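Student: Pasting a structure below so you can have a look.
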Amino acid sequence: MISEKMMKLTQNSSVIRAMFEEGIRLAAIYGRENVYDFSLGNPSFPAPDSVKDAVMEILDSRDPMFVHGYMSNAGYPEVREAIAASLNRRFGTSFGAGNILMTVGAAGSLNVILKTLLNPGDEVIAVSPFFVEYGNYVSNYDGVLKVVPADRTTFQLDTEAIGEAVTKKTKAVILNSPNNPTGVIYSEETLRKLAAVLEKKSEELGEPIYILSDEPYRELAYDGAVVPYIPNIYRNTFVCYSWSKSLSLPGERIGYLVIPSEADDAQLIFEAASIANRVNGCVNAPSLFQLVAAKCVDEKTDLFGYDTNRKLLYEGLEKCGFECTMPQGAFYLWMKTPVDDDTVFCETAKKYNILVVPGKSFACPGYVRIAYCVSKETIERSMPAFEKLAHEYGLK
């Protein structure tokens, strides 16, 4: 028999992945061009040419034993130094290689830092709606996830509610901005309010409360929006970053964890996180793409395609009569369902070969997430189907 913990995970497997598999099934019946799969956040635009160039240059010029061999658990020192220098240029920080730990994507970063910090029963606050796997990551280390809803009008943080949720067992707060699934960017004003709340609570408890800033969508911000760098606002912040979305490299599983020197117990935490990186089974982040990341660390993301899709989808759905939140970042659109049961709505949408993810999967029922990291043509072809769906609910 498998473990009880894994039995629960098996029975509650990801709705997002299930939708993705359903898309494959429907495509085999109706043709891929007639199925409108908005379920998975899989970037549809290719990685920049500089990524391929970097791969070829590294393979041609570096010692294969170096490129493909083991290194320090924390990653190649030269890579960590290059990332630290880039962050310092962009955000006015003073990081060095000793503040950067290379990880298997942002998910790897979160698992490493949670394993480092949590004792059984420790609490981690997540703001709903949030990425569905947070609960699994916390439970991996016998922690308890406490859910605090965002403001349902703006989907900004409800800092007062977060403060009220803090107990003597609270170890961390996970933030994700730009947010998956809403596309909202948490404002600097809101983050400063949260910092003040957490500083006060930390002082009362006599223990630090850390922010874990999950940032795979940092580079995907539109209309000149600025994504605040949280370590500059709250010193007890650890940043979990990935190039999966910014450089369209989700399958390469490359990212990093930032542990600022200013954070409480920073050196001890860095040393422990380096060990957690190994004992989690990863040992170290993929070697080749550590080196690629260093060469592409200042590569700019081309937002034109995502921005075109964002506007096209938002305007099309609004014309159909659906109520949507205009995303400031990431590549998801958050839409209110015309019925209370978002699962029923998703099943109805499948009648028209539309695949979207229910808000329940993000601890926020009554909404659906629509991933617009698809081709422009997919969005254009889907609009007649959305019109039929809207008509069924009396919206059009």
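Student: For the range 293-314, give me each residue that is part of a loop (DSSP other than H, G, I, E, B) and either in contact with a Cys (Cβ under 7 Å, 6 or more places away or on another chain) or among the hydrophobic types (A, V, I, L, M, F, W, C) (or both). Break it down into steps so the answer makes sense when it comes.
Tutor: Step one: filter the range 293-314 for residues part of a loop (DSSP other than H, G, I, E, B), giving 296-303.
Listed by number, the residues that qualify are 296, 297, 303.
Student: Going through the range 216-233 one residue at a time, which ones are crowded, with 22+ Cβ neighbours inside 10 Å and farther than 11 Å from residue 185 by Cβ?
Tutor: Selection gives 216, 230, 231.
Student: Still on this structure: Based on what the data block shows, is residue 213 modelled with pLDDT of 95 or more, assigned to a helix (DSSP H, G or I), assigned by TED's automatic domain parsing to the domain that holds residue 90 and among the hydroxyl-bearing types (Ser, Thr, Tyr)?
Tutor: No: the conditions fail for residue 213.
Student: Would you pick out the residues in the range 245-275 that are small (Gly, Ala, Ser), touching a strand residue (DSSP E or B) at 6+ places or on another chain (Cβ under 9 Å) and farther than 18 Å from residue 79 by Cα? Show your work before the answer.
Tutor: Step one: filter the range 245-275 for residues small (Gly, Ala, Ser), giving 246, 248, 251, 255, 261, 263, 266, 272-274.
From what is left, the residues that are touching a strand residue (DSSP E or B) at 6+ places or on another chain (Cβ under 9 Å) are 255, 263, 273-274.
Residue satisfying the conditions is 263 alone.
Student: Scan the range 357-396 residue by residue and report those that are touching a Ser or Thr at 6+ places or on another chain (Cβ under 8 Å) and aliphatic (A, V, I, L, M).
Tutor: 357, 363, 368, 371, 374, 389 - these are the residues of the range 357-396 that are touching a Ser or Thr at 6+ places or on another chain (Cβ under 8 Å) and aliphatic (A, V, I, L, M).
Student: So, one more: Kindly check whether there is at least one residue in the range 130-145 that is assigned to a strand (DSSP E or B) and buried (at least 19 other Cβ atoms within 10 Å of the Cβ).
Tutor: If we filter the range 130-145 for residues that are assigned to a strand (DSSP E or B), which is where we start, we get 144-145.
Pick out the ones that are also buried (at least 19 other Cβ atoms within 10 Å of the Cβ) and you get none.
Looking through the range 130-145, none of the residues is assigned to a strand (DSSP E or B) and buried (at least 19 other Cβ atoms within 10 Å of the Cβ).
Student: So which residues in the range 274-292 are surrounded by fewer than 21 Cβ atoms within 10 Å (Cβ to Cβ), modelled with pLDDT of 95 or more and part of a helix (DSSP H, G or I), if there are any at all?
Tutor: 274, 275, 287, 288
Student: Anything in the range 155-203 that is closer than 20 Å to residue 114 by Cβ and either of a type in the set (A, V, I, L, M) or part of a helix (DSSP H, G or I) (or both)? List them, or say none. Before you say what the answer is, go through the steps one by one.
Tutor: Residues of the range 155-203 that are closer than 20 Å to residue 114 by Cβ, as a first pass: 162, 165-177, 179-180, 194, 198, 201-202.
Within the range 155-203, 162, 165, 166, 172, 173, 174, 175, 194, 198, 201, 202 meet the criteria.
Student: Looking for something within 18 Å of the chain's Cα centre (by Cα) and β-branched (Val, Ile, Thr) - is there at least one such residue anywhere in the range 376-384? Steps first, answer last, please.
Tutor: Start the filter on the range 376-384 by keeping residues that are within 18 Å of the chain's Cα centre (by Cα), which leaves none.
Taking every residue of the range 376-384 in turn, none turns out to be within 18 Å of the chain's Cα centre (by Cα) and β-branched (Val, Ile, Thr).
Student: Enumerate the pairs (first residue in the range 97-126 and among the acidic types (Asp, Glu); second residue anywhere and at pLDDT 95 or above) with beta-carbon separation below 6 Å, excluding pairs fewer than 6 apart on the same chain, so at least 6 apart or on different chains.
Tutor: 122/143; 122/169; 122/171; 123/144; 123/146; 123/169; 123/170
Student: Working only within the range 1-35, note down all residues that are modelled with pLDDT of 80 or more and touching a Leu at 6+ places or on another chain (Cβ under 7 Å).
Tutor: Answer for the range 1-35, where residues must be modelled with pLDDT of 80 or more and touching a Leu at 6+ places or on another chain (Cβ under 7 Å): just 35.
Student: While we're here: Among the residues of the range 79-115, what is the count of those that are surrounded by fewer than 23 Cβ atoms within 10 Å (Cβ to Cβ), under 20 Å from residue 210 (Cβ atoms) and not hydrophobic (A, V, I, L, M, F, W, C)?
Tutor: 4
Student: I need every pair where a residue in the range 164-191 that is surrounded by fewer than 23 Cβ atoms within 10 Å (Cβ to Cβ) has its Cβ under 7 Å from the Cβ of a residue that is modelled with pLDDT of 95 or more and among the polar types (S, T, N, Q), sequence separation at least 6 or different chains.
Tutor: Going by the 7 Å Cβ cut-off, the qualifying pairs are 187/156; 190/156; 190/159.
The values are calculated or read from the model by the stated rules, or taken from the named source; none is laboratory data. As the structure is a computational prediction, the values presented were derived from the model and not from experiment. Ideal geometry is used to build each Cβ from the backbone, glycine not excepted, and the neighbour counts take in all protein chains shown.
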